[in-house]
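Presented below is the structure to which this report refers.
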Amino acid sequence: ENLNLASGKDYKINNTSVLNATTLGSGVVNSSLTNVGTLTSLDVSGLVGIGSLTVVGVSTFSGLVNANGNIKITNTSPSIDFTDTNNDSDFKITVNGGKLKIQDTTNSNALRFFIDSSGTVDIDGNLDVGAGIDVTGNITGTGNLTLTGSLDVDGHTEVDNINVAGVSTFAGAV
C-alpha cells in the first residue's frame with residue numbers, strides 16, 4: 001500500500017518533518033541509505049569511513065592530514081608546493097625528466113637541490129654539515145680549500161705548490 005502526499009506536504013513523526021518530495025528531514029540522524037546520487041555539497045562532522053574516494057577538482061583541507069600509508073602523486077611532472085604563511089621562503093618539490101628537484105619559489109624558482117636518475121646530487125649554494133663527511137672514491141674540487149684544524153693525510157700525496165705559514169714539523173727526511 002502507498003502513502004501519497006499532496007505536493008508541498010511532508011511526512012512527519014511527532015510533528016517533526018522526516019521526509020518531503022526533495023529533502024530528508026534534518027531530524028533524521030541515522031540511515032541505511034546505500035546510494036544517494038550526486039551530491040552538490042557535503043558537510044561532515046565527526047569520523048567518516050570511506051572505502052574508496054575519488055575527487056575531481058580541488059580539495060581543501062584545514063588542519064592535519066593523516067595518511068596511514070603511502071601517498072602517491074601521479075603526473076608527467078608531479079610536485080608538492082610548501083607555502084610558508086609567515087613570509088619565509090616557499091619551496092616546491094618536483095620530479096621531472098628523471099630528476100628530483102627542490103626549488104625556492106620565493107626566489108625566482110632558484111634550484112637549491114636535485115638528484116638525477118644516476119644518483120648524482122647537486123646542491124646550489126653552501127652545504128653545512130654538522131658532523132663528519134665520509135667519502136668513498138675521488139674528490140674533485142675547484143676553488144680554494146680552507147681548513148680550520150688539522151689535516152691528516154695517510155698515503156702518497158702530491159702537491160704542486162705549497163705555502164706554509166707558521167711552524168712546520170717533519171719526521172724523517174725532507
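What do you get for Rg/Rh over the chain if you use C-alpha atoms and the Kirkwood form of Rh?
My calculation puts Rg/Rh at 1.31.
For region 84-91, 3J(HN,Hα) computed residue by residue from phi via the Karplus equation (6.51, -1.76, 1.60; θ = phi - 60°) reads 8, 7, 9, 6, 7, 4, 9, 10 Hz, glycine and proline entered as x.
Taking θ as phi - 60° and the Karplus parameters 6.51, -1.76 and 1.60, the scalar couplings of region 122-132 work out to 10, 10, 8, x, 7, 10, 9, 10, x, 10, x Hz in sequence order, x denoting glycine and proline. A Gaussian network model of the chain, with springs between Cα atoms under 10 Å, assigns the largest mean-square fluctuation among V121, V58, V95 to V58.
Just the protein heavy atoms count here, and of the accessible area of region 1-92 at 1.4 Å, carbon and sulfur take up 49 percent. Taking every protein chain into account, the accessible area of the chain amounts to 96 square angstrom per residue (probe 1.4 Å). Computed with a 1.4 Å probe on the full set of protein chains, the accessible area for F82 sits at about 110 Å². Enumerate the lysines that K99 could reach by cross-link, defined here as Cα to Cα under 20 Å, with residues fewer than 8 away along the same chain left out. Once the sequence-local lysines are set aside, what remains near K99 is K72. Counted residue by residue at 0.36 nm each, then reduced by the alpha carbon distance between them, the extension gain from S150 to L33 reaches 34.6 nm.
The values are calculated or read from the model by the stated rules, or taken from the named source; none is laboratory data. Nothing here was measured: the structure is a model prediction, and the numbers come from that model. Protein only, heavy atoms only, side chains kept; ligands, DNA and RNA dropped before computing areas. Shrake-Rupley method; radii C 1.70, N 1.55, O 1.52, S 1.80 Å.
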